[in-house]
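Shown next, in structure tokens, is the structure this report addresses.
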Amino acid sequence: DSGVTQTPKHLITATGQRVTLRCSPRSGDLSVYWYQQSLDQGLQFLIQYYNGEERAKGNILERFSAQQFPDLHSELNLSSLELGDSALYFCASSVALGTSGENEQFFGPGTRLTVL
Amino acid sequence: AQSVTQPDIHITVSEGASLELRCNYSYGATPYLFWYVQSPGQGLQLLLKYFSGDTLVQGIKGFEAEFKRSQSSFNLRKPSVHWSDAAEYFCAVVPTGTASKLTFGTGTRLQVTL
């Protein structure tokens, strides 16, 4: 158990809908990262938040957005869902901002999103 | 272009045999290097990491990896594989001096035969 929790574990929805994925980081971790794992694209970094502020952005679609709240939990919002958005979405957390790279990320179990 | 490559998509080994999973990277400077394991239905677990220093890194579950600058490689090894090691293994990098977003290889699926 990494200490990172994600809810829900599974989500099934229809095209065009909007969903919210939730992540609670390990106690004391200030950085939260979101990754997407799909058959087509593999594991891809989406976005990073540090202490409530967006710090790095990867291949995140405009239909997707995220935020980190004062209690440090984070939510990833996916809207106007398409079939291709079906994937496993991971959240990870780390203690620091991580600009040195020497900053281990602990991964949650993921949320499996199925878009029908 | 910057990239991390795992040339083997799928590897099958017998239980008790040795294992080596390959990882090559293409970056201007040596990045920080990681190996993660993903068991079916599970999240990613860090096996080991290399930042600097000793080029042979020991990790959890009996795994080790060797950094070879001349070959731009960071291969994962285990002397004797157990059936429970069947999983998908990902090599990942973080370019030095950047934010800690991990860039993953495509993964190697390990099958262990009894």
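Structure summary
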{"item": "1.4 Å probe, heavy atoms, protein only - residues of segment B:60-107 losing at least 50 Å² accessible area vs chain alone", "result": "B:S100, B:K101, B:L102, B:F104"}
{"item": "Distance from segment A:58-116 to segment B:1-62 (C-alpha centre basis), Å", "result": "23"}
{"item": "Å² per residue, accessible surface of segment A:15-74 at 1.4 Å", "result": "52"}
{"item": "Unit charges at the beta carbon, dipole of segment B:37-114: most positive-side option, B:T103, B:Y89, B:L46", "result": "B:T103"}
{"item": "Low-density loop positions, GluC sites (Glu not before Pro), segment A:38-93 - DSSP coil, at most 11 other Cβ in 10 Å", "result": "A:E62"}
{"item": "Overall Cα dimensions of segment A:35-99 - principal axes, largest extent first, Å", "result": "33, 22, 16"}
{"item": "Protein accessible area in the protein assembly as shown, 1.4 Å probe - carbon and sulfur %", "result": "48"}
{"item": "Theoretical gain in end-to-end length, B:L56 to B:Q111 [0.36 nm per residue, Cα-Cα removed]", "result": "17.3 nm"}
{"item": "Chain B, relative contact order [Cα under 8 Å, separation at least 6], %", "result": "37"}
{"item": "B/A buried area, accessible surface, summed, 1.4 Å probe, Å²", "result": "1600"}
{"item": "Pairwise FRET efficiency - B:H10 versus A:D71, Cβ, R0 = 35 Å, nearest 0.05", "result": "0.25"}
{"item": "Under the Debye formula (equal points on every Cα, no solvent term), log10 I(q)/I(0) of chain B at q = 0.11, 0.22, 0.24 Å⁻¹", "result": "-0.32, -1.26, -1.47"}
{"item": "Förster-model FRET efficiency, 45 Å R0, A:A14 and B:S80, C-beta, rounded to 0.05", "result": "0.40"}
{"item": "A:A96-B:E20 FRET efficiency (beta carbon distance; Förster radius 35 Å; 0.05 resolution)", "result": "0.60"}
{"item": "Whole-number D in µm² s⁻¹ for segment A:12-72, Kirkwood Cα-pair radius fed into Stokes-Einstein, 4 °C, 1.567 mPa s", "result": "100"}
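The values are calculated or read from the model by the stated rules, or taken from the named source; none is laboratory data. None of these values were measured; they are calculated from a predicted model. Reconstructed Cβ throughout: ideal geometry from the backbone, glycine too, with neighbour counts over all protein chains shown. All accessible areas refer to the heavy atoms of the entire protein, side chains included, with ligands and DNA or RNA removed. Shrake-Rupley method; radii C 1.70, N 1.55, O 1.52, S 1.80 Å.
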